[in-house]
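See structure below.
Nothing in this text is a laboratory measurement; each read-out follows from the coordinates by a stated rule. Source: prediction; values computed, not measured. Here the Cβ is made from the backbone with ideal geometry for all residues, glycine too, and neighbour counts use every protein chain on show.
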Amino acid sequence: MVCVIGRLPWSVSPGAERQVPSSANCRGRINCVRPKASRMEFRKNVGGLDRIARVVVGAALVTAAAVAVFAERPGLAAVAALAGAGLLFNAATQFCGVNALLGIDTCSRERS
């Protein structure tokens with residue numbers, strides 16, 4: 001059960017230290033505590049050809065960013081550098097947040 005105090009969500013927990021006044025959105029006097037912050041689990045989900053492609057495209061984008069700097073195109077350089085760095089980071093950590101949200105896993109794991 002979750003009750004709301006102002007705009008902050010609180011989860012109901014028996015024996016909690018914080019007492020909620022009856023004027024709150026919870027019924028009567030209920031012990032409420034803040035829920036623990038959820039963390040995104042960083043399990044490997046990038047591997048194989050996907051990882052290699054991210055390294056190649058990321059390196060190409062970083063190179064394109066360097067060329068754009070010399071061509072005095074700072075906007076293009078910034079976008080290419082960020083995109084390339086993101087792909088290289090994904091390849092290095094073997095984790096992609098978009099893949100995690102979409103449920104895509106390209107890592108080869110031994111199936112038992």
Practice task
Could you calculate the contour length gain from THR63 to PHE42, that is, 0.36 nm times the residue separation minus the distance between their Cα atoms, to one decimal place in nm?
Solution key: 4.7 nm
Exercise for the section: With θ set to phi - 60°, apply the Karplus curve 6.51 cos²θ - 1.76 cosθ + 1.60 along the range 83-89 and write out the HN-Hα couplings as whole Hz, x wherever there is a Gly or Pro. Expected result: 5, x, 5, x, 5, 5, 5
Practice task
Would you tally the net charge around THR106, using a Cβ to Cβ cut-off of less than 9 Å, leaving THR106 out, and scoring K and R as +1, D and E as -1?
Solution key: -1
Completion exercise
For ASN45, other-chain or 5+-apart residues with amide H closer than 5 Å (H placed, Pro excluded) are PHE95, CYS96
